[in-house]
Amino acid sequence: MIKKFITILAAFMTLNVSCQNTTSFKPGQLWPDNNGVHINAHGGGMLYFNDTYYWFGEHKIEGEKGNSAQVGVHCYSSKDLYNWKDEGISLKVDDDPKSGITKGCILERPKVIYNKKNKQFVMWFHLERLGYGYGFASSGIAVSNNVSGPYKYIGCVRPNQGQWPLNVKEIHKMPVDPIVMTKRYPGDNLFGDADTVNILGRDLNKGQMARDMTLFVDDDGKAYHMFASEENSTLHISQLTDDYLSYTGQYARAFVGRFMEAPTIFKKDGKYYFIGSGCTGWAPNAARSAVADNIFGPWTELGNPCVGADSTLTFHSQSTCVLQLTGKKNAFIFMADRWSPKNAIDGRYIWLPISFENNKPVLKWLDEWDLSYFVAMSKLYLIINVKSMLKYQ
Ligand code: GAL
């Protein structure tokens with residue numbers, strides 16, 4: 001009896017191990033979880049908590065219908081970033097047609113941060129309520145006391161109602177052209193200068209538009225929400241209150257009229273870096289990068305961080321998050337989605353290490369790589385530093 005039990009246990013362990021023995025990243029390939037199923041966490045974000053990485057993303061289903069939220073936000077956990085355990089759906093869409101997150105709504109780019117003060121996990125996402133297409137342009141918020149959920153949807157918001165940004169211009173305070181008040185914009189063109197058209201002024205009273213987004217927690221614990229606003233023409237960076245559930249009213253506009261999407265922020269050597277995309281829907285375009293000394297800007301654009309073949313299409317992907325490895329200095333992973341809009345569930349993940357050349361982030365395609373890349377890179381940086389020190393002695 002005991003022998004039989006041990007044989008079954010050994011067989012089970014072999015099976016489990018066979019799904020959990022990944023030792024490298026293979027960008028663009030299927031990425032099986034602990035059940036052997038391709039990871040379903042698109043437009044994702046990452047949270048490190050209790051020595052574990054948690055990956056949250058959009059759960060997609062088959063076909064074009066899968067581009068809308070039919071299930072909710074999926075969560076996976078990992079200790080090593082290669083092998084992922086399915087933690088289930090952490091935020092479920094609702095069957096109630098009156099809910100803000102009714103099944104079939106658009107719920108994209110979920111990001112979770114941990115609020116130490118309230119011991120609460122806070123999730124923000126781009127939310128388009130059912131029936132509005134992409135016209136609702138709001139941010140949804142959900143909370144949980146448990147990292148993987150279940151998360152409770154607490155509402156949605158159009159940011160900074162009645163508040164001018166720190167870098168507001170006089171032109172924004174002028175009366176808004178009545179045509180602008182009622183015009184429908186396609187989301188990739190304002191047919192004029194972003195300040196003069198003045199979507200900022202148009203939306204002052206009802207709150208600013210918020211679509212593609214990310215969250216960033218700074219070293220001092222202050223959190224920021226960066227999102228595509230003003231009909232996608234301009235990004236806003238908005239400080240969150242100490243509970244991470246609303247806005248302090250301190251915010252700034254960045255990349256005015258540049259139609260940037262898919263924002264990511266990370267911090268290296270005291271500077272804030274940005275990687276994002278242009279605005280072409282599911283179709284890939286050239287990534288953009290930028291740097292700033294202050295999170296509210298001014299931001300200086302650094303151009304396309306990608307080099308080599310397919311660099312003008314971000315290797316057929318669009319950014320979603322930059323993950324800073326915990327416990328490793330200057331080790332950053334660029335996380336992006338290779339969308340598959342005709343069969344949403346088949347979207348692939350492009351993870352690449354970020355290197356820095358002349359203080360600019362650089363992304364190079366790798367068919368396969370592992371975390372030892374960062375060890376090799378830090379040795380290289382050491383050699384470069386020593387060489388430049390010797391040169392100037
Ligand atoms: C992309 C955006 C995605 C999704 C898509 C819809 O530009 O980054 O999150 O909204 O457009 O077309």
Note to self: One residue is enough: does region 287-300 have a residue meeting the conditions under 18 Å from the mean Cα position of the chain (by Cα), closer than 23 Å to D367 by Cα and either open to solvent by 20 Å² or more (accessible area, probe 1.4 Å) or within 16 Å of the ligand (Cβ to nearest atom) (or both)?
What the structure shows: yes
Next item on the list: Quick one: which residue in S340, S319, S355 is under 17 Å from the mean Cα position of the chain (by Cα) and under 21 Å from G45 (Cα atoms)?
Entry: S319
Check: Any idea which residue in region 51-88 is farthest from F334 (Cα to Cα), counting only those that are outside any strand (DSSP E or B) and hydrophobic (A, V, I, L, M, F, W, C)?
Finding: V71
Next item on the list: Please state which one of Y224, Y251 is touching a His at 6+ places or on another chain (Cβ under 8 Å) and either within 13 Å of the ligand (Cβ to nearest atom) or modelled with pLDDT of 95 or more (or both).
Entry: Y251
Checklist line | Residues of region 259-286 satisfying the condition of being open to solvent by 10 Å² or more (accessible area, probe 1.4 Å) and away from the ligand (no atom under 16 Å from the Cβ) | finding: K267, K268, D269, G270, K271, Y272
Next item on the list: Taking the options A331, A376, name whichever one is away from the ligand (no atom under 16 Å from the Cβ), of a type in the set (A, V, I, L, M) and at pLDDT 95 or above.
Entry: A331
Next item on the list: Could you please let me know if N232 is within 16 Å of the ligand (Cβ to nearest atom), modelled with pLDDT of 95 or more and open to solvent by less than 60 Å² (accessible area, probe 1.4 Å)?
Entry: yes
Item checked: N40 vs. criteria assigned to a loop (DSSP other than H, G, I, E, B) and under 24 Å from I333 (Cα atoms) -> yes
Next item on the list: Please go through region 62-100 and pick out each residue that is away from the ligand (no atom under 16 Å from the Cβ) and β-branched (V, I, T).
Entry: V71, I89, V93
Check: Is region 291-309 home to any residue that is closer than 30 Å to G63 by Cβ and in contact (Cβ under 8 Å) with a residue 60 or more places away in the chain?
Finding: no
Notebook entry, point to check: Any residue at all in region 199-208 that is crowded, with 24+ Cβ neighbours inside 10 Å and either within 19 Å of G57 (Cβ to Cβ) or within 15 Å of the ligand (Cβ to nearest atom) (or both)?
Noted result: no
Notebook entry, point to check: Is there any pair with a first residue in region 58-75 that is among the hydroxyl-bearing types (S, T, Y) and a second that is more than 14 Å from the ligand (Cβ to nearest atom) whose Cβ atoms are under 6 Å apart and which are 6 or more apart or on different chains, and what are they?
Noted result: S68/G104
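Return the residues of region 235-248 that are free of Cβ contacts under 8 Å to residues at least 60 places away in the same chain and more than 14 Å from the ligand (Cβ to nearest atom); say none if nothing qualifies.
Q239, L240, T241, T248
Can you give me the number of residues within region 320-368 that are open to solvent by 50 Å² or more (accessible area, probe 1.4 Å), outside any loop (DSSP other than H, G, I, E, B) and out of contact with any Ser or Thr (no Cβ under 9 Å at 6 or more places or on another chain)? Steps first, please.
To start, the set of residues in region 320-368 that are open to solvent by 50 Å² or more (accessible area, probe 1.4 Å) comprises 324, 326-329, 338, 342-343, 345-346, 348, 357-360, 364-365, 367-368.
Keeping just the survivors that are outside any loop (DSSP other than H, G, I, E, B) gives 324, 338, 342-343, 345-346, 348, 357, 360, 364.
Imposing the further condition that a residue be out of contact with any Ser or Thr (no Cβ under 9 Å at 6 or more places or on another chain) reduces the set to 324, 342-343, 345, 357.
Of the residues in region 320-368, 5 are open to solvent by 50 Å² or more (accessible area, probe 1.4 Å), outside any loop (DSSP other than H, G, I, E, B) and out of contact with any Ser or Thr (no Cβ under 9 Å at 6 or more places or on another chain).
Condition check ((1) without any contact (Cβ under 8 Å) to a residue 60 or more places away in the chain; (2) closer than 25 Å to Y48 by Cα) across all residues:
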{"site": "G140", "(1), (2)": "yes, yes"}
{"site": "N160", "(1), (2)": "no, no"}
{"site": "E170", "(1), (2)": "yes, no"}
{"site": "M174", "(1), (2)": "yes, no"}
Item checked: Residue that is farthest from Q250 (Cα to Cα) [pool: residues in region 303-319 that are open to solvent by less than 40 Å² (accessible area, probe 1.4 Å) and either in a strand (DSSP E or B) or touching a helix residue (DSSP H, G or I) at 6+ places or on another chain (Cβ under 9 Å) (or both)] -> C306
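The values are calculated or read from the model by the stated rules, or taken from the named source; none is laboratory data. Note that the structure is predicted; figures quoted are calculated from it, not measured. Positions of Cβ are backbone-derived with ideal geometry, glycine not excepted, and every protein chain shown enters the neighbour counts. With ligands, DNA and RNA removed, areas are computed over all heavy atoms of the protein, side chains included. Shrake-Rupley method; radii C 1.70, N 1.55, O 1.52, S 1.80 Å.
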